[in-house]
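Reading through the structure tokens given below for one structure.
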Amino acid sequence: MINGLSGTMMDYQLTLTPIMKRAMQLYPNKEIRTKFGDTMHKVTYAESYRRCGQLAQALKKLGIEDGDRVGTFAWNTYRHHELYFGVPCMGAVVHTLNLRLPADQLIFIINHAEDKVIFVDDTLIKLLEPLAPQLKTVKHYIVMTHGELPETSLPNVHSYEELLAAESGDYGWPEIDENAAAAMCYTSGTTGHPKGVLYSHRAIYLHTMMVSLTDAMGLAEPDILMPVVPMFHAMAWGLVYAGTMVGCTLIYPGPHMQGADLAGLIQDEKITVTAGVPTLWLGLLQVLEAGDYNISSLQRMPVGGSAAPRSMIKAYKEKFGVDILHAWGMTEMTPVGTLSAIKSHMADWSDEAKLDLRAKQGITPPGVEMRIMDVNGEELPWDGEAMGELQVRGPAVTADYYKDERSADSFTEDGWFRTGDVSSIDSEGYMQIVDRTKDLVKSGGEWISTVELENAIMGHEDVMEAAVIAIPHPKWQERPLACVVVSDGADKAQVKAGIYDLLSKEFAKWQLPDDIEFIAEVPKTSVGKFDKKVLRKQYEGYQIAETE
Ligand code: ADP
């Protein structure tokens, strides 16, 4: 609606350039540190800004123009950080490539995005080399290394540091339209073939503001922030941009993402905030419980990507005083959608009640709207009971997949994005994911949430991991099967009985898994989520005995 009167404000474009400049001007001496083996590399925001300028100048010389896609094939490092800023602020598009995807998907993604150059970490060259002959649009490969260029079969190779060293860094950053594309990322493909999302400067700018708020991730200048979520997964959940905007000290773990590495980094760098998927923190928990680390600096951890088990949230709080901020999001949402911040009137609730709330996926930050819909397209109430398809909209939600015909099914006629998740929302606005539509067990006309079953099973003290999948059933259509990993030396028969005891307290009989299979490890996706596609394939011919 136009009311006939325009506001009298400046036509100021919301782009990443002022975010980059602000850190350089206000916090020039604060550091961006990266772990490489035994050394901790350090660069200040002022130096980083200059290097971003050198990068932009070097890319111009290589022929990169406005809108060109620039691929990155890299761990979380200060150079990847420079690409996150230097590329979009010169007018091109930084395209983060998920280095853990299978070769055929990577080839598809790079050709589909038409990347012109790819920046690759020296340690990852061997992964990229076999793909290169099939990459149709890539003109240059730029290797990020400290020393000499390694031997490689990649064509048209340059050294990142040599390219930068040849430039002054005095770069006149261009004025960019806020709706221009800044970055690109494909979904991690948990349920199907990856889909591409092109983020505008405006979307990222607004998302950066949203996630930094006190009631969201609560980032502030004194924070020492370690993004463990890979920079190739959903734009590292916005942490690179938000951490820079507020001037945090940034710690990048490089390729060191195992539990012991992370425990050492939290202790030595006095990290206050870190973020990543639940499987990482389950691994870290074991290391912390077994070892002698001081992680008292750590205040909070945004955890999402898949459901954070209630038992894990409880263990971090009770044993280490760390608040897990359960978060839900999607690549399509830049990516944060909800966070489980507690409201002030809940402060005197019992610990258990607060834990119940923290185990939900949370409330929306400003800039995200959500609703749940039934199968007939009717909106469902926020009563904590009704479950339906979760739909969202907002300035940081994609309006389209990049050149993908699946876009047509992903949006409603009135402009909402269909998430493919089923959820409930309680009267306080806390959203709880019931399941992905594709993972729900459809049993005799009812739904069984695999997420809720897994969460409860992982509450058993001898259970390390649990994934529940739907198995075809002659009478009920589908029934749940639990695949469980137990700790070393646990008695499986006892654990099985214990799990059924636990579940019987929370679930109706018809919701219980028909059986429990003990497995060595739950297969994981490229970003560490439980890979139920693989599990379903493994149990394809599984026969569940017909029950009453
Ligand atoms: P992919 O769909 O390929 O896994 P994304 O990483 O963008 O790609 O995943 C988004 C999906 O991850 C959401 O739609 C949801 O199903 C799941 N997800 C994200 N965070 C959570 C969470 N906290 N709890 C449960 N599921 C989550």
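The values are calculated or read from the model by the stated rules, or taken from the named source; none is laboratory data. What you see is a predicted model, and the numbers here were worked out from it, not measured in a lab. FYI the Cβ positions are ideal-geometry reconstructions off the backbone, even for glycines, and counts take in every protein chain you see. Each accessible area value is taken on the protein alone, full model and side chains, heavy atoms only, with ligands, DNA and RNA left out. Shrake-Rupley method; radii C 1.70, N 1.55, O 1.52, S 1.80 Å.
Globularity index of the chain is 0.98 (Cα radius of gyration / 2.2 N^0.38 Å, N = number of residues). Can you tell which of 483, 522, 445 lies farthest toward the positive end of the dipole of region 441-538, using +1 and -1 charges on the Cβ of basic and acidic side chains (Lys, Arg; Asp, Glu)? Of the listed residues, the answer is 445.
Listed by chain and number, the aspartates and glutamates whose alpha-carbon sits under 12 Å from that of residue 30, ignoring those within fewer than 8 places in the same chain, are 47, 221, 223. Here the simple spin-label model places points 7 Å from the Cα toward Cβ, and for residue 44 and residue 386 these points are separated by 5.7 nm.
For region 371-436, taking the reciprocal of the average inverse distance between every pair of different Cα atoms yields a Kirkwood hydrodynamic radius of 12.4 Å.
Taking other residues whose beta carbon is less than 12 angstrom from the beta carbon of residue 24, and scoring Lys, Arg as +1 and Asp, Glu as -1, yields +4.
Using unit Cβ charges (K, R positive; D, E negative) and no other charged atoms, how large, in debye to the nearest 20, is the dipole of region 462-548 about its Cα centre?
Values: 12 positive and 15 negative charges, 73 e Å.
Dipole magnitude for region 462-548 comes out near 360 debye.
A simple charge model with +1 on the Cβ of Lys and Arg, -1 on the Cβ of Asp and Glu and nothing else charged puts the dipole of the chain at about 880 debye relative to its Cα centre.
Over the chain, dividing the summed -39,500 (n - 2.57) contributions of all DSSP H runs of at least 4 residues by the number of residues returns a 222 nm mean residue ellipticity of -8500 deg cm²/dmol.
Of the beta bridges in region 16-131, as assigned by DSSP with both residues counted there, near 40 percent are antiparallel.
For region 371-436, the dipole from Cβ point charges (+1 on Lys and Arg, -1 on Asp and Glu) about the Cα centre works out to 340 debye, to the nearest 20.
Shown here: region 441-538, whose C-alpha atoms stretch 38, 34, 19 Å along the first, second and third principal axes, sorted largest to smallest.
Whole number in Å², please: accessible area per residue of the chain, 1.4 Å probe, ligands, DNA and RNA not counted. Please list the in-between numbers first.
Numbers: 23150 Å² over 548 residues.
For the chain, the solvent-accessible area averages 42 Å² per residue.
In terms of distances greater than 30 angstrom between alpha carbons, the cross-link table entries 509/537; 403/475; 442/496; 60/126; 314/505; 136/532 yield 403/475; 136/532.
Let me check I've understood the local charge: for residue 192, count other residues with C-beta under 10 angstrom from its C-beta, Lys and Arg +1, Asp and Glu -1. What total comes out?
Values: positive: 195, 406, 438, 533; negative: none.
For residues surrounding residue 192, the net value is +4.
Ranking 276, 88, 324 by Cα position along the charge dipole of the chain, where only Lys, Arg, Asp and Glu carry charges on their C-beta atoms, puts 88 farthest toward the positive end.
Could you tell me which of 380, 407, 420 has its Cα farthest along the dipole of region 371-436 towards the positive end, charges placed at Cβ (Lys, Arg +1; Asp, Glu -1), taken about the Cα centre? Going by the charge dipole, the pick is 407.
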